[in-house]
Each structure stands twice: as structure tokens, then as C-alpha cells.
1. Looking at the range 211-264 only, could you name the residues that are assigned to a helix (DSSP H, G or I) and more than 24 Å from the chain's Cα centre (by Cα)?
2. Any idea how many residues of the range 243-270 are in contact with a helix residue (DSSP H, G or I) (Cβ under 8 Å, 6 or more places away or on another chain) and away from the ligand (no atom under 13 Å from the Cβ)?
3. Quick one: count up the residues across the range 1-36 that are crowded, with 17+ Cβ neighbours inside 10 Å and outside any loop (DSSP other than H, G, I, E, B).
4. From 157, 108, 184, 145, grab the single residue that is out of contact with any helix residue (DSSP H, G or I) (no Cβ under 8 Å at 6 or more places or on another chain) and either at pLDDT 95 or above or in the same structural domain as residue 30 (by TED's automatic domain parsing) (or both).
5. Looking at the range 184-198 only, could you name the residues that are exposed (fewer than 14 other Cβ atoms within 10 Å of the Cβ), touching a strand residue (DSSP E or B) at 6+ places or on another chain (Cβ under 9 Å) and not in a strand (DSSP E or B)?
6. Quick one: is residue 293 within 16 Å of the ligand (Cβ to nearest atom), in the same structural domain as residue 223 (by TED's automatic domain parsing) and crowded, with 22+ Cβ neighbours inside 10 Å?
7. For the range 37-47, which residues satisfy the criterion of being part of a helix (DSSP H, G or I) and crowded, with 19+ Cβ neighbours inside 10 Å?
8. Identify all residues within the range 153-171 that are crowded, with 19+ Cβ neighbours inside 10 Å and touching a strand residue (DSSP E or B) at 6+ places or on another chain (Cβ under 9 Å); write none if there are none.
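The values are calculated or read from the model by the stated rules, or taken from the named source; none is laboratory data. As the structure is a computational prediction, the values presented were derived from the model and not from experiment. Note that we place each Cβ from the backbone using ideal geometry, even for glycine, and neighbour counts take in every protein chain shown.
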Ligand code: UDX
């Protein structure tokens with residue numbers, strides 16, 4: 001099957017490479033000629049474990065190609081996926097669909113023969129109808145079926161999430177597309193991954209509802225953590241105790257500094273806006289957004305409190321900048337708000353992150369960067385763990401103590417146990433557990 005992926009960013013590149021690995025003939029398209037040249041030269045513009053090898057293998061096998069040429073790649077395709085960005089629109093939180101609509105027009109101008117057009121990008125309910133309207137207006141002769149097929153990929157685990165999905169959701173209103181989408185996902189279908197067919201609007205809402213529910217679940221355990229600190233309970237044990245209930249489940253119950261990333265913040269806001277537009281407000285998600293935003297700054301105040309209430313002239317080492325491990329993505333990372341709170345209070349911040357520092361330098365001013373955890377800790381009055389990278393899970397406390405100005409650790413990801421850190425003579429603060 002010939003598949004064209006419009007948009008070679010995080011979703012388009014991973015999805016294209018995985019479809020090629022299924023044996024399909026895939027062309028990834030992007031307007032950014034530099035990005036396409038880099039991809040042709042085997043350079044992957046994003047950090048995603050395993051993606052470079054997957055791309056190289058499929059390019060070598062002749063199943064994966066890169067181009068800026070939309071007309072040719074659309075004309076030859078059986079299926080065209082729209083995987084372009086849908087960022088939050090400046091100022092009002094709605095999803096910016098200009099790239100999606102632009103892609104729809106260009107596909108309509110070049111499509112030939114029956115072609116299934118798929119919105120893979122996360123798009124508000126009703127976007128599929130709008131894409132179809134734009135395409136039919138642009139080219140009334142176009143023989144197309146517009147389908148919704150949202151992705152559920154986690155950064156840092158995207159290839160595994162694509163190849164071993166909990167489910168594949170396909171929203172269609174044209175039965176001809178069912179056979180094509182079944183063929184596209186045939187290798188997964190054979191592996192018993194549930195292929196859920198529904199309508200386009202239901203499929204679009206499933207994506208937002210899924211991310212919003214996950215964001216809600218994280219925010220719930222974060223609020224439980226705050227309560228645990230007040231009542232003297234342990235949030236990790238609360239999470240375990242409720243997570244053993246099959247109706248709740250153990251995942252996404254890790255208390256931390258708040259969620260970030262390129263999806264939860266954007267998608268929760270977009271769902272809130274859509275719900276308000278349809279006069280059916282989702283108050284639980286409105287509250288989730290507000291609680292999560294407040295939490296990130298509250299974590300900065302937690303650090304200030306842990307070092308005695310005043311950080312003026314103090315050096316604080318921040319370990320972890322990215323919004324989660326195994327990515328270089330800094331979008332809406334809690335580290336940004338934590339560091340801002342600390343520098344606003346007069347602290348000098350030195351940060352280290354295994355992958356995120358290049359992106360962090362573009363986003364955070366007025367701090368220093370070190371090339372490893374121990375360098376960052378030199379002369380520091382406290383070490384703060386913001387992102388749970390594996391390399392922060394077995395720090396040498398004795399070595400930290402010799403280089404630091406004071407043995408103080410604030411662990412916003414509960415990587416360590418309070419008793420083990422106390423044994424090393426550290427003052428230790430974490431999330432939702434008695435210090
Ligand atoms: C998420 C969804 O998981 C994925 O299905 C969707 O397609 C895109 O958005 P992603 O944003 O890459 O994926 O990361 P995820 O692993 O979900 O974490 C999101 C945020 O929640 C991170 O900031 C993470 O640190 C935080 N988180 C996650 C917690 O604080 N606690 C948890 O238990 C889990």
C-alpha cells in the first residue's frame with residue numbers, strides 16, 4: 001500500500017517509519033526543506049529512542065522516502081495522513097488548525113483516484129467535517145473519504161506505542177475507507193490489537209477525552225500528595241492502594257511537579273474551549289488545567305521552603321529540564337516554572353539535563369548549565385530533581401556531599417526513599433511523603 005504522511009514531525013515521522021516497517025511504501029513530506037535534507041542524510045531532528053535505526057533500516061529497504069513535493073506524493077498515494085502541528089492558538093487556547101486546513105487544500109488539488117485522507121494530528125471535534133468541506137470545495141471531482149485516526153504515542157516510547165497499541169481508533173463515515181484502513185493496520189490487527197471503528201466525531205473526541213482523563217488522573221494523585229503531606233500519609237502507598245482496584249489501575253498515579261509536554265497542556269485547553277463553544281463546559285478539566293498550572297510554581301516555593309525560606313544569593317542545582325525522561329522536549333516542562341520561581345526569588349540556578357539543554361537554552365535565561373549532575377552540584381545549597389532520568393536514580397550521595405555547600409535534596413519525582421537519603425546525612429524533601 002502507498003502511504004503519504006504530510007508532516008514529518010514527531011507524530012508523522014514515527015508513524016511513517018512504523019508503517020514502512022509494516023511493509024508499506026511510505027513517503028514522508030514536509031515543507032521544511034532543511035528537515036527533509038537532514039532526514040535524507042539520515043539525521044533525525046528529534047530525540048526518540050530507536051527512531052534513527054528504524055528510519056535507516058526502512059530507507060535502506062526502499063520503503064521510506066522523504067520529499068517536499070506534495071503533488072507527486074499525494075497523486076501516488078492510496079492513503080494520505082495529515083500529521084501536521086495543531087498548536088494552541090495564541091491567546092485563546094483553541095487548537096490552531098491552519099496547517100491542517102492548508103494540507104487539506106493541497107491534498108485536494110493533487111489527489112487522483114479514490115484516496116483515503118486521514119487526520120492523524122490531534123484535532124477538535126468536527127475537524128474531519130471541515131477538512132472534507134474544504135477538500136470538496138477545492139476539488140469537487142476529488143474521490144475521497146476523510147477519516148479520523150488519532151495517535152496515542154508517548155514521547156520516549158512512541159515506537160513501542162505504535163507497534164503495540166492498546167487500541168487503534170478509526171472514525172469514518174464512508175465504508176470504502178474501512179477496507180483501506182484495515183489493510184494499513186493489518187500487521188497490528190493480526191496481532192489482535194483492537195481496531196475500533198466509529199464515527200469521525202466520536203474518534204476525534206476519544207483522543208481529547210483520553211488525554212484529558214490521563215491529565216486528570218495525574219492531577220488527582222498530585223492533590224492527594226499535598227493532602228498526604230498534611231495528614232502524614234505516603235502518596236506512593238496511597239497510589240498503590242487505590243491502583244490495585246481494577247477499575248482504577250496503577251498507571252499514571254506517580255505524584256510529581258505537574259504534567260507538561262506537547263500534548264496534555266495543549267489538548268486539555270482545546271477540550272475546555274470546545275466544550276465551552278458547545279455550551280457544555282468540562283469543569284473537571286478546567287480545574288485540572290488550573291491546578292496543574294499552580295502546582296508547577298508551587299514546586300518552586302517548595303524548594304525555597306526546603307532551603308530555609310530565602311534563596312537570595314543561594315546556588316540551586318536543578319537536575320532534569322525536559323518534561324519527562326527519554327526526550328529532549330522542553331514544552332511546558334515543570335522545570336521552566338520551578339526555575340523561574342527560584343530566580344525570581346534571587347537564587348542562582350545551575351541546571352543539567354542529559355538531552356534537553358540545547359532546547360532549554362532557547363527557553364530559559366539567566367541560569368548556568370553544567371555537563372553533569374556533580375558539576376551542577378558544586379557549591380550548591382540544594383539539589384532539586386525535577387525529571388526522573390535514569391542517571392539520577394543512583395547518585396553518589398557521599399560525592400554530592402563533598403561538592404555541595406549544604407547536603408539538601410528536593411526530589412520532586414520521589415526517586416529516593418526518605419530513610420536512605422537521611423542515612424547519608426542529607427536534608428530530604430519529596431512529594432507526598434513525610435520528610
Ligand atoms: C501523552 C499521552 O500519554 C499519549 O498517549 C498522547 O498521545 C500524547 O500525550 P506524552 O505527553 O508524551 O504522552 O507523555 P506522558 O508519558 O503521558 O507524560 C505526560 C506528562 O505527565 C509528563 O510531564 C509526565 O511527567 C507526567 N506524568 C505522567 C506524571 O506526572 N505522573 C504520571 O504518573 C505519569
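1. Across the range 211-264, the qualifying residues are 226, 227, 228, 229, 230, 231, 235, 237, 238, 240, 241, 242.
2. 1
3. Qualifying residue count for the region: 23.
4. Numbers: 108 fails: out of contact with any helix residue (DSSP H, G or I) (no Cβ under 8 Å at 6 or more places or on another chain); 184 fails: out of contact with any helix residue (DSSP H, G or I) (no Cβ under 8 Å at 6 or more places or on another chain); 145 fails: out of contact with any helix residue (DSSP H, G or I) (no Cβ under 8 Å at 6 or more places or on another chain).
From the options 157, 108, 184, 145, the qualifying one is 157.
5. 194
6. no
7. 39
8. Of everything in the range 153-171, those that are crowded, with 19+ Cβ neighbours inside 10 Å and touching a strand residue (DSSP E or B) at 6+ places or on another chain (Cβ under 9 Å) turn out to be 168, 169, 170, 171.
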